[in-house]
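Quick notes on the structure that follows.
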Amino acid sequence: EDQVTQSPEALRLQEGESSSLNCSYTVSGLRGLFWYRQDPGKGPEFLFTLYSAGEEKEKERLKATLTKKESFLHITAPKPEDSATYLCAVTGGTSYGKLTFGQGTILTVHP
Amino acid sequence: NAGVTQTPKFRVLKTGQSMTLLCAQDMNHEYMYWYRQDPGMGLRLIHYSVGEGTTAKGEVPDGYNVSRLKKQNFLLGLESAAPSQTSVYFCASSSGRNYLMNTEAFFGQGTRLTVV
């Protein structure tokens, strides 16, 4: 069964203080690892897709990386508007099309 | 471009009542999903579909039924609502691309359901 574990559950940063969020996964035959951002009262918003170990994607202050067992979302010099819940999800080869999420990391950036 | 639209946005049900949540997508996507989100528990998959006429169980399917009679629509039914089904429900869809590389899913804005 596909499993996704995110850490930490919550992270509080000062504006400009860089850090990383972790997503550990167990899946048979990774078909995609996805990062989403969710603001309160809204649906998740897609950020990145990673398919193979060593792959990296960047968007503004965010950079996602992937190894065979985990993914990191690096946040460089965060701003208060980066405050949100960040979700990680995977699809694997044993359950065709099934998309499994982790519990998320609540990020708060203080000015 | 509407994307993924959920109907209704809010609903209050009495225990034992039934209702159907409608999800519609206009992106010609093959895959569709229903999730529930509860505080501290993330997004949990209820049911999903990899094409018109197909459905499959997710992590928490009990008490729910689904149908995908048309490619663009995915319906979630509660036959006899219980207070434990109070939650925020999200629908999502993705193109699927191919068996080896799944594409990202796009989400609706959610339905907030309260069962009293």
Next item on the list: Taking the Cβ of B:Lys70 as the centre, find all other residues whose Cβ is under 13 Å away and add up their charges (Lys, Arg: +1; Asp, Glu: -1).
Entry: -1
Margin query: Need the list of lysines near A:Lys63 for cross-linking: C-alpha distance under 18 angstrom, and skip anything on the same chain fewer than eight residues off.
Written below: A:Lys79
Check: Can you give the net charge of the other residues whose Cβ lies under 14 Å from the Cβ of A:Asp39, counting K and R as +1 and D and E as -1?
Finding: -1
Next item on the list: Lys and Arg at +1, Asp and Glu at -1: add these up for the other residues within a Cβ distance under 15 Å of B:Lys9 and post the number.
Entry: +3
Checklist line | Given charges at beta-carbon only (K, R positive; D, E negative), |dipole| of the range A:14-80 in Debye | finding: 200
Item checked: Sequence-distant aspartates and glutamates (8 or more away, or on other chains) whose Cα lies within less than 15 Å of A:Lys98 -> A:Glu1, A:Asp2, B:Glu30, B:Glu59, B:Glu104
Next item on the list: Express in nm, to one decimal, how much length is gained between A:Glu45 and A:Glu81 on full extension, taking 0.36 nm for each residue of separation and deducting their alpha carbon distance.
Entry: 11.5 nm
Next item on the list: Return the sequence-ordered ³J(HN,Hα) values of the range A:30-37 in whole Hz as given by the Karplus equation 6.51 cos²θ - 1.76 cosθ + 1.60 applied to θ = phi - 60°, using x for Gly and Pro.
Entry: 4, 10, x, 10, 10, 10, 10, 10
Next item on the list: Round to a whole angstrom and tell me the spacing of the C-alpha centers of the range A:50-107 and the range B:75-116.
Entry: 20
Note to self: I'd like the FRET efficiency for A:Ala53 and B:Asp62, computed as 1/(1 + (r/R0)^6) with the beta carbon distance as r and R0 of 35 Å, rounded to 0.05.
What the structure shows: 0.45
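Read-outs: derived from the displayed coordinates by stated rules, not from any lab. All of these numbers come straight from a predicted model, not from anything done at the bench. Every residue, glycine as well, gets a Cβ built from its backbone with ideal geometry; the counts of neighbours run over all protein chains shown.
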